[in-house]
Every structure is written in structure tokens, then in C-alpha cells.
1. Condition first: surrounded by fewer than 12 Cβ atoms within 10 Å (Cβ to Cβ) and within 15 Å of Leu169 (Cβ to Cβ). Now tell me which residues in region 184-202 satisfy that.
2. Enumerate the pairs (first residue in region 22-51 and closer than 17 Å to Asn64 by Cα and modelled with pLDDT under 95; second residue anywhere and open to solvent by less than 20 Å² (accessible area, probe 1.4 Å) and assigned to a helix (DSSP H, G or I)) with beta-carbon separation below 8 Å, excluding pairs fewer than 6 apart on the same chain, so at least 6 apart or on different chains.
3. Which condition number in (1) more than 14 Å from Gly50 (Cβ to Cβ); (2) acidic (Asp, Glu); (3) within 18 Å of the chain's Cα centre (by Cα) is the one that Asp112 fails?
4. Can you name every residue in region 156-174 that is polar (S, T, N, Q), assigned to a loop (DSSP other than H, G, I, E, B) and either surrounded by 22 or more Cβ atoms within 10 Å (Cβ to Cβ) or touching a Gly at 6+ places or on another chain (Cβ under 9 Å) (or both)?
5. Among the numbered criteria (1) closer than 18 Å to Leu4 by Cβ; (2) in contact (Cβ under 8 Å) with a residue 40 or more places away in the chain; (3) crowded, with 17+ Cβ neighbours inside 10 Å, which single criterion is violated by Met150?
6. Quick one: is Asn92 modelled with pLDDT of 95 or more and more than 27 Å from Leu200 (Cα to Cα)?
7. Please note which strands (runs of 3 or more DSSP E) are completely contained in region 23-139 and include at least 1 residues that are open to solvent by less than 10 Å² (accessible area, probe 1.4 Å).
8. Is it true that some residue in region 148-155 is assigned to a loop (DSSP other than H, G, I, E, B) and not acidic (Asp, Glu)?
Amino acid sequence: MKLLYFSDAHLRATTPQSRTDNYAEALWNKFQQITALIHEHKVQAVLNGGDLFESPVPAQSIINQYLEVFTGWDIPIYSIVGSHDKFGYNQNTLLRTALGAFIAAGVIQLVDECIWLDNTIQIAGVSHIYELDKDPKNYYRQKLVPDVPMIQICHGMLTNTPYYAAHTLISDVHTEAELVLSGHYHTGFGPITIGNSTFLNI
């Protein structure tokens, strides 16, 4: 099964102060590249590592623009919830957000505990919560079937080196996933294999 993973798009209509380009235009070009990769490689499902939007309720133009992009892919999109995708780190606010609307409409499927993608692979999600990096056990996910590979997507401050703020070292994480794809930490790392798990932040 061919999968495509992206994370931390932070979709928005305006350009952040620290950017020197046109951010909305750069995003659009990047998602055109993603669309081309999906078609070229006959990707069967997309995984999103959170922070799809810069804010819980972005400009309506951005919602409309990317609704057309995602439905045009015509393949399943599996996502976790990032820190920017909800109000005040509160998962209960998801139904009032753009990501929540995409989930309610069936455009995106929310992943938490382990689910099947097909008969050959499992996927589990770790959405962002305020307490996530207070205990490495929060990253643990268990397989439905022991001998079938599992991919885990996470949105937390999962790092390969010590960090100044609250974080979790990948060396402290125990999970049954063979591949752990993380977001939130924009520096990126990996791939790094520890035991039976390979960690990667793009």
C-alpha cells in the first residue's frame, strides 16, 4: 500500500511576519506538488500529522480552496489533531473548527487508537493534548494484531535531543509501531531506529 505523509501545513490566507515570500502562494505550490506525487505514485491514502490549519477557524477562502484540493485527491485522508487545530488545546472544541468540519463531512478521518488501513497495515494516532509531553507513556499505542505492521502519527514535542521546553525524547518512547511519524517539532530529525521502531520527523 502506498502512503503519503505531510504535517504542519499551517494553512492560512495571510503571510507571517517572519516570511519574505507570499505564504499562501507557497502553500498552494506545495500542495500542487503533493497532488502530483499522489497521481504519479498512485498513492492510496494520505496521512496528516496535525496543524493542518494555522488557526481553528481560518479564512473561508482557505477552507474552500483546500476542500477542493482534498476532495480532488479522491483517496482517504487520515489525520490527527494538532495544537493549532482547536481552541485552547481543548479537544472538545473540535466541532467548532475547520478541521472538525472536514471530519464531519467525511473528507478527513480522525485517527486516535489503532485502526486498519487495509488487511496489511495498521495505523494509530496521537493527537496533541496539553499534557502530552508530561509522560512518555502518552505516546504508547498498541496494535490490533501483533504480527501486522503499524504506523503511528504523533503531534507532540517528540525530539531526538534535549529541548528547552517541555518535550519527550524518542529514546524514552515505548510503542508497538514499527514506524513513528511526528509533527509539531519543526526542526525535523531522522530516520532514527530504536529497538523495533523507526522515528522520523520530516
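1. The answer is Thr187, Gly195.
2. Note: pairs meeting the criteria are Ala24/Ile62.
3. Here Asp112 clears every test but (1).
4. Asn160
5. All conditions pass for Met150, except number (2).
6. No.
7. Strands (runs of 3 or more DSSP E) meeting the threshold: 45-48, 77-79, 121-126.
8. There is at least one residue in region 148-155 that is assigned to a loop (DSSP other than H, G, I, E, B) and not acidic (Asp, Glu).
The values are calculated or read from the model by the stated rules, or taken from the named source; none is laboratory data. No experiment lies behind these values; they were computed from the predicted model shown. Because the Cβ atoms are built from the backbone with ideal geometry, glycine has one as well, and the counts that use them run over all protein chains shown. Calculation scope for accessible area: heavy atoms of the full protein, side chains included, ligands and nucleic acids excluded. Shrake-Rupley method; radii C 1.70, N 1.55, O 1.52, S 1.80 Å.
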